[in-house]
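Here the structure comes first, spelled out in structure tokens, and everything after it is commentary.
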Amino acid sequence: MKRAIGFIILTVMIYSLGCGGGSTHYPLPPADAKADGWVSEARPFEIGSEKYEADFGTITVPENRSQSTSRLISIPFIRIHSRSKNPAEPVFGLAGGPGASNMSWGWGKAQTFLSERDFVLVGYRGVDGSIVLNCPEMKKAFKGKGDLLGEESMKTIGSAWSACAERLKAKGVDFNGYSIPEVIEDNESVRRALGYERINLLSESYGTRVAYLYGLKHPEHIFRSAMISVNPPGHFVWEPRVVDAQLRHYAALWSKDSVASSKSADLYATMRTVLTAMPRRWLVFPINAGKVKLVTFAMLFHRQTAAMVFDAYAAAGNGDPSGLALMSLAYDFIVPPMMTSGDLGSKAIGADYDSTRNYCADMDPPDLPLGSPMSKIAWCPQSYGGWPSARLPEEFRKLKPSNVETLLLSGSIDFSTPAEFATKELLPVLKNGRQVIFSECGHVNDMWYANVENTRLILTSFYKTGVADTSKNAKILMDFSVKRSFPTMAKMALGIMAFVAAALIAVLVWLVRKLWKRKGLKRVV
């Protein structure tokens, strides 16, 4: 029954949120491949109705470049060729994560640059390529025992992370090779293979950390760098006091919207009430408080999904927790499979983990309604085993001056990478840096799609001239209206389940009657 519910939830939510995906074939390296050897196949590549020439390649690199005897692994890459006869410096893309692929960008983003430049993606080691740090143990553990954010769940997750690491280690995985500096060197290997002297970087979220360090390691090979939703060193941890301040800011915006405020006069107070006394079920459906908190936090990253979350809390405050039940049920089918846990451990924990902190307590202070659930589930389990990632060298854990021409693009309501982190921390060390803030935009998707023409103009002008054209950067107001609310989707799912159940009962009755007739049985009234 739970799987059936999950399928219905996924179907409804995918339809509502427009999620999707695909895959691409990359050639296998030869058996005798050497370090930095590569193979590629030229094939056409379609973006919408347009066709481009592209190279689908695989490069062979050491698993750990600091070890001369390291085994070799393979990494995929793709180059989409510009239609220009004399293309300018190419754009290398660095997507978000860690734990996510770098080979599944929205290709409309790439198309933005193809009139003047090639667009290149290099797979993230640990996720893409011959070695994947996949942890099925974690997918099960992330579903939790009891309250997802309770101590028992934290112990289970920590033990599962340790078990996964031991299994991968027994298979010969060298965890010291799965670090941000190695990701940078993979891009350098591809840059050299394709014959580029200098490249532009286009990075998003976690990718901005890679881009910043790339500029420190190889400034001579970076022409210009544009960072979207900027993550400076130290900020793979979401701090609960910052999260709470962001909730209060959203509540202030909510209070200015007459339609929204009619559902709840004080959004922050409503959320505090609901989160403090979370209902345990809606009808027969359980509500796991920890799972609701985690889904809440994840969906606050973007404008559209944030509005859906706030609408669900307003409904719960008015006695209808159906939206919270849907969020709780959806967690198991959406969150655990969405990341490659070993890569998340190697890159994030290796970069920002502080062994002197008590993350279990720090991420869930008793005086804050939401705390920082995503940080708690990622960092607290390190107290109970966790992931044995190598510590990133100190030189890459602190901010250092950079001369690379850099453009920082930030959303004013970005829960994941708040604009002030880029403003106060990273911008001062960028000697040729500038920041542009998009009003009332959240994380990466908002930065791209809330005002598509604005983003494209800013990026293309920056790469071409070094100066971002912000003439279309008009103010966008937060929209709290919801097309398909969580309570509505919950009732849709319930309706579908009731219909399916009724249909099954009807079929069963028909089969029984048919059996009666065949065997000449008489009905007893």
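The values are calculated or read from the model by the stated rules, or taken from the named source; none is laboratory data. Every value quoted in this text rests on a predicted model; they were computed, and no experiment measured them. Quick reminder, even Gly has a Cβ in these numbers, built from the backbone with ideal geometry, and neighbours come from all protein chains shown.
Quickly run through segment 146-155 and pick out the residues that are part of a helix (DSSP H, G or I) and touching a residue at least 40 places away in the same chain (Cβ under 8 Å).
Filtering segment 146-155 down to residues part of a helix (DSSP H, G or I) leaves 151-155.
Glu151, Ser153, Met154, Lys155, listed by residue number.
Which one of Ala316, Ala325 is assigned by TED's automatic domain parsing to the domain that holds Arg241, more than 19 Å from Phe236 (Cβ to Cβ), without any contact (Cβ under 8 Å) to a residue 60 or more places away in the chain and crowded, with 22+ Cβ neighbours inside 10 Å?
One residue alone meets the criteria, Ala316.
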Members of segment 405-454 that are among the β-branched types (Val, Ile, Thr) and more than 15 Å from Val230 (Cβ to Cβ):
Val452
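Between Phe301, Phe333, Phe297, which is within 18 Å of the chain's Cα centre (by Cα), part of a loop (DSSP other than H, G, I, E, B), at negative phi and surrounded by fewer than 24 Cβ atoms within 10 Å (Cβ to Cβ)?
Values: Phe333 fails: part of a loop (DSSP other than H, G, I, E, B); Phe297 fails: part of a loop (DSSP other than H, G, I, E, B).
Of the residues listed, the single one that is within 18 Å of the chain's Cα centre (by Cα), part of a loop (DSSP other than H, G, I, E, B), at negative phi and surrounded by fewer than 24 Cβ atoms within 10 Å (Cβ to Cβ) is Phe301.
Give the residue, chosen from Asp367, Asp352, that is in contact with a Gly (Cβ under 9 Å, 6 or more places away or on another chain), of a type in the set (D, E, K, R) and surrounded by fewer than 20 Cβ atoms within 10 Å (Cβ to Cβ). Full working, then the answer.
On the way: Asp367 fails: in contact with a Gly (Cβ under 9 Å, 6 or more places away or on another chain).
Matching residue, one of Asp367, Asp352: Asp352.
Being over 21 Å from Arg248 (Cα atoms) and among the small types (Gly, Ala, Ser) is the filter here, so list the residues in segment 414-463 that pass it.
Residues of segment 414-463 over 21 Å from Arg248 (Cα atoms): 425-436, 444-445, 447-463.
Result: Gly433, Ala450, Ser461.
Got at least one residue in segment 236-252 being over 23 Å from Ala378 (Cα atoms) and buried (at least 18 other Cβ atoms within 10 Å of the Cβ)? Quick ask: steps written out before the conclusion?
At the first step, the residues of segment 236-252 found to be over 23 Å from Ala378 (Cα atoms) are 248-252.
Add one more test, that the residue is buried (at least 18 other Cβ atoms within 10 Å of the Cβ), and what stays is 250-251.
Yes, some residue in segment 236-252 is over 23 Å from Ala378 (Cα atoms) and buried (at least 18 other Cβ atoms within 10 Å of the Cβ).
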Just checking, does segment 100-108 include any residue being crowded, with 22+ Cβ neighbours inside 10 Å, in the same structural domain as Arg192 (by TED's automatic domain parsing) and closer than 26 Å to Pro336 by Cα?
yes
Filter segment 142-160 down to residues that are surrounded by 24 or more Cβ atoms within 10 Å (Cβ to Cβ) and at pLDDT below 95, then give me how many there are.
1
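Is one or more of the residues making up segment 79-90 assigned by TED's automatic domain parsing to the domain that holds Ser461, at negative phi and free of Cβ contacts under 8 Å to residues at least 24 places away in the same chain?
Here is the first cut: in segment 79-90, the residues assigned by TED's automatic domain parsing to the domain that holds Ser461 are 79-90.
Cutting the leftovers down to at negative phi gives us 79-90.
Filter once more, keeping what is free of Cβ contacts under 8 Å to residues at least 24 places away in the same chain: 85-86.
Scanning segment 79-90, I find at least one residue that is assigned by TED's automatic domain parsing to the domain that holds Ser461, at negative phi and free of Cβ contacts under 8 Å to residues at least 24 places away in the same chain, so the answer is yes.
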Residue under evaluation Asp36, criteria (1) closer than 20 Å to Phe113 by Cβ; (2) acidic (Asp, Glu); (3) assigned to a loop (DSSP other than H, G, I, E, B), criterion not met:
(1)
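Return yes or no: is Ala503 touching a strand residue (DSSP E or B) at 6+ places or on another chain (Cβ under 8 Å), over 24 Å from Ile222 (Cβ atoms) and in the same structural domain as Leu324 (by TED's automatic domain parsing)? Break it down stepwise before answering.
Numbers: touching a strand residue (DSSP E or B) at 6+ places or on another chain (Cβ under 8 Å): no; over 24 Å from Ile222 (Cβ atoms): yes; in the same structural domain as Leu324 (by TED's automatic domain parsing): yes.
Considered against the rule, which asks whether it is touching a strand residue (DSSP E or B) at 6+ places or on another chain (Cβ under 8 Å), over 24 Å from Ile222 (Cβ atoms) and in the same structural domain as Leu324 (by TED's automatic domain parsing), Ala503 comes out as no.
Answer yes or no as to whether Asp320 is under 25 Å from Thr488 (Cα atoms) and either assigned to a loop (DSSP other than H, G, I, E, B) or in contact with a Phe, Trp or Tyr (Cβ under 6 Å, 6 or more places away or on another chain) (or both). Let's see the steps before the verdict.
Details: under 25 Å from Thr488 (Cα atoms): yes; either assigned to a loop (DSSP other than H, G, I, E, B) or in contact with a Phe, Trp or Tyr (Cβ under 6 Å, 6 or more places away or on another chain) (or both): yes.
In short, yes.
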Single residue of Ala193, Ala165 found to be more than 25 Å from Thr296 (Cβ to Cβ) and surrounded by fewer than 23 Cβ atoms within 10 Å (Cβ to Cβ)
Ala193
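Just a yes or no: is a residue in segment 360-369 part of a loop (DSSP other than H, G, I, E, B) and closer than 26 Å to His218 by Cβ?
Start the filter on segment 360-369 by keeping residues that are part of a loop (DSSP other than H, G, I, E, B), which leaves 363-369.
Remaining after also requiring closer than 26 Å to His218 by Cβ: none.
Within segment 360-369, not a single residue is part of a loop (DSSP other than H, G, I, E, B) and closer than 26 Å to His218 by Cβ.
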For segment 413-420, check the following and say yes or no: at least one residue is touching an Asp or Glu at 6+ places or on another chain (Cβ under 8 Å), crowded, with 21+ Cβ neighbours inside 10 Å and under 24 Å from His443 (Cβ atoms).
yes
Going residue by residue through segment 424-437, is there one that turns out to be assigned by TED's automatic domain parsing to the domain that holds Ala141 and in a loop (DSSP other than H, G, I, E, B)?
no
Would you please list the contacts, defined by Cβ atoms under 8 Å and residues six or more apart or on different chains, that run from a residue in segment 478-505 that is touching a residue at least 60 places away in the same chain (Cβ under 8 Å) and on the phi < 0 side of the Ramachandran plot to a residue that is of a type outside the set (A, V, I, L, M) and part of a loop (DSSP other than H, G, I, E, B)?
Met478/Asp257; Met478/Glu440; Phe480/Asp257; Pro487/Asp320
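Would you confirm whether or not segment 376-399 contains a residue that is under 29 Å from Phe480 (Cα atoms) and either out of contact with any Pro (no Cβ under 6 Å at 6 or more places or on another chain) or buried (at least 17 other Cβ atoms within 10 Å of the Cβ) (or both)?
Applying the first criterion (under 29 Å from Phe480 (Cα atoms)) to segment 376-399 yields 376-377.
Among the residues that remain, those that are also either out of contact with any Pro (no Cβ under 6 Å at 6 or more places or on another chain) or buried (at least 17 other Cβ atoms within 10 Å of the Cβ) (or both) are: 376-377.
Yes, because at least one residue in segment 376-399 is under 29 Å from Phe480 (Cα atoms) and either out of contact with any Pro (no Cβ under 6 Å at 6 or more places or on another chain) or buried (at least 17 other Cβ atoms within 10 Å of the Cβ) (or both).
Grab the helices (runs of 4 or more DSSP H) fully contained in segment 177-283, keeping just those with 3 or more residues being farther than 28 Å from Tyr313 by Cα and in contact with a strand residue (DSSP E or B) (Cβ under 8 Å, 6 or more places away or on another chain).
Working: elements: 180-194, 206-217, 240-255, 258-263, 267-276.
Of the helices (runs of 4 or more DSSP H) lying wholly inside segment 177-283, those with at least 3 residues that are farther than 28 Å from Tyr313 by Cα and in contact with a strand residue (DSSP E or B) (Cβ under 8 Å, 6 or more places away or on another chain) span 180-194, 206-217.
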Yes/no for Ala361 being surrounded by fewer than 18 Cβ atoms within 10 Å (Cβ to Cβ), under 17 Å from Gly150 (Cβ atoms) and in contact with a helix residue (DSSP H, G or I) (Cβ under 9 Å, 6 or more places away or on another chain)
yes
All but one of (1) free of Cβ contacts under 8 Å to residues at least 60 places away in the same chain; (2) over 17 Å from the mean Cα position of the chain (by Cα) hold for Ser66; which doesn't?
(1)
